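To start, the structure itself, in structure tokens.
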Amino acid sequence: MAISSIKFDANGLVPAIAQDAQTGAVLMLAYMNAESLQQTLESGYATYYSRSRQKLWRKGETSGHTQRVLSISYDCDGDAILMQVEQTGPACHTGAYSCFHNELRRADPDDMPATSAIVQQVYDVIADRKVHPREGSYTNYLLEKGVEKICKKVGEEASETIIAAMKGNQEEVTYEAADLMYHLLVLLFQQGVTPQQVWEELARRR
């Protein structure tokens, strides 16, 4: 990345957006000058420029909530930066996961497009059921029965997915595959394995 391609404003600053590389969530917006951008490139960790204190600051230097920078890109005009980061802890100084937690308009969940982030969300719900059981919860039922019951369900759903595929029915394949993925996530949680560990293993096989 050529810093000379960045168009800093009259104060020598450029807005920098940090995005969670795993979930795609926008975490925060801060500002960088040429020096902080150079430090970010060299260290691999996000370093910003504080307009109020007029000094550089590395994200997480006091809180420990660091941002390991995986990639940096800039927009077509060269006057804004987007960073894909690995966030440790919350990004916002309030303790919120993202600085963008104040809503002007709430989206209808049915209108929101489904993304791969739903895998982590379902896993998080499974983990929450373990800590906060709910009466009648199927997830709690599986966790209480243990690994043998969960493995049996994974096998059943895998078989049903195969049958649907052999029939060439896309709707059934989609439905059965969703069942299979859910039960697999329950098994992963029961075994103490996170989706991130699976993603990293897949990445090693590319």
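The values are calculated or read from the model by the stated rules, or taken from the named source; none is laboratory data. This is a predicted model, so every value here is computed, not measured. Note: ideal-geometry Cβ built from the backbone for every residue, glycine included; neighbour counts use all protein chains shown. Just the protein is used for accessible areas: all its heavy atoms, side chains included, with ligands, DNA and RNA removed. Shrake-Rupley method; radii C 1.70, N 1.55, O 1.52, S 1.80 Å.
Below are the figures for this structure:
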| read-out | value |
| --- | --- |
| Long-range neighbours under 6 Å by Cβ, at least six apart or interchain, first residue at pLDDT 85 or above within segment 113-132, second surrounded by fewer than 16 Cβ atoms within 10 Å (Cβ to Cβ) | Arg129/Ser137 |
| Residue ranges of strands (runs of 3 or more DSSP E) in segment 24-87 with at least 3 members aliphatic (A, V, I, L, M) | 26-32, 67-74, 81-87 |
| Residue that is of a type outside the set (S, T, N, Q) and modelled with pLDDT of 90 or more, where the choices are Tyr97, Tyr74 | Tyr74 |
| Subset of segment 173-198 that is under 16 Å from the mean Cα position of the chain (by Cα) and without any contact (Cβ under 8 Å) to a residue 60 or more places away in the chain - its residue that is most open to solvent (accessible area, probe 1.4 Å) | Gln197 |
| Sole residue being in contact (Cβ under 8 Å) with a residue 24 or more places away in the chain, among the polar types (S, T, N, Q) and buried (at least 16 other Cβ atoms within 10 Å of the Cβ), chosen from Thr88, Thr23, Thr66 | Thr23 |
| Scope segment 95-119; condition farther than 17 Å from Leu27 by Cα and open to solvent by less than 50 Å² (accessible area, probe 1.4 Å); matching residues | Val119 |
